[in-house]
Amino acid sequence: MRRFGPAEEFLTLVMVAASLSAAWGQTAKPKMAAITNVASYGNGPISPGEMVVIFGSGMGPSSAVGLQLDQQGRVANTLSQVQVLFDGNPAPLIYVSATQISAMVPYGVAGKSSTQIQVVYQGSTSDSFQKPIAPSAPGIFTADSSGIGQAAMTNADGSYNTTANPAAPGSYGTFYLTGEGQ
């Protein structure tokens, strides 16, 4: 073995430093813990067009990033280097963060019995998370965002419906839901 002296030591240090910085620069794989209906937090099957919330870790930036439109004026399917894939197809994203993502289930899952979901963040892809598909899986948005209790509802005049401000007799109210399917 031939020795090169200080040049060899320098080269060795550069190679070690380069391999350490490559290891430090790698992004951890995103992890999904649960996928639920964003309105009710129901953990059952999901439906085409449903707004879901994904709970996990390492799935996106530390601060939440909200909905943006793409060049065609549609809800973007990439936010801050985050994508959510349903059977490999990117979904529209409502918001993304390290521990929560809200996405719209693509209508392309209609007619399937289940779907494989993955989160991609900074080029690193999570393990697949399988969810059953139902024709509909409705969840009603609630007044306190807990998924239980009074519906988030407005009266015909646009005011918020409460026990202190009920709808007038004979008028209508509007409530909000997701998961109605096709």
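The values are calculated or read from the model by the stated rules, or taken from the named source; none is laboratory data. Being a predicted model, the structure only gives us computed values, none of them experimental. Methodologically, a virtual Cβ is constructed for each residue, glycine included, from the backbone with ideal geometry; neighbour enumeration extends over all protein chains shown. The area values use the complete protein model at the heavy-atom level, side chains included, leaving out ligands, DNA and RNA. Shrake-Rupley method; radii C 1.70, N 1.55, O 1.52, S 1.80 Å.
Values as computed for the structure displayed
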item: Members of region 45-89 that are open to solvent by 30 Å² or more (accessible area, probe 1.4 Å), within 26 Å of Ile140 (Cα to Cα) and either in contact with a helix residue (DSSP H, G or I) (Cβ under 7 Å, 6 or more places away or on another chain) or assigned to a loop (DSSP other than H, G, I, E, B) (or both); result: Pro45, Ala64, Leu67, Gln68, Arg74, Asn77
item: Candidates Gly66, Gly42 - the one that is within 30 Å of Gln182 (Cα to Cα) and either at pLDDT 95 or above or within 10 Å of the chain's Cα centre (by Cα) (or both); result: Gly66
item: Criterion (closer than 24 Å to Ala64 by Cα and either surrounded by fewer than 12 Cβ atoms within 10 Å (Cβ to Cβ) or at pLDDT 95 or above (or both)) met by exactly one of Ser145, Ser171, Ser113; result: Ser145
item: Any hit, region 92-107, residues being open to solvent by 60 Å² or more (accessible area, probe 1.4 Å) and over 30 Å from Gly173 (Cβ atoms); result: yes
item: Index of the failed condition, Ala137 passing every other in (1) assigned to a loop (DSSP other than H, G, I, E, B); (2) open to solvent by 50 Å² or more (accessible area, probe 1.4 Å); (3) not β-branched (Val, Ile, Thr); result: (2)
item: Residue list for region 90-125, filter: over 15 Å from Pro45 (Cα atoms), touching a residue at least 24 places away in the same chain (Cβ under 8 Å) and not in a strand (DSSP E or B); result: Ser97, Ala98, Thr99, Gly108, Gln122, Gly123
item: Pair list, Cβ < 9 Å and 6+ apart or interchain, from region 152-176 residues that are without any contact (Cβ under 8 Å) to a residue 24 or more places away in the chain to residues that are of a type in the set (Phe, Trp, Tyr) and not in a loop (DSSP other than H, G, I, E, B); result: Met153/Tyr160; Met153/Phe175; Thr154/Tyr160; Thr154/Phe175; Asn161/Phe175
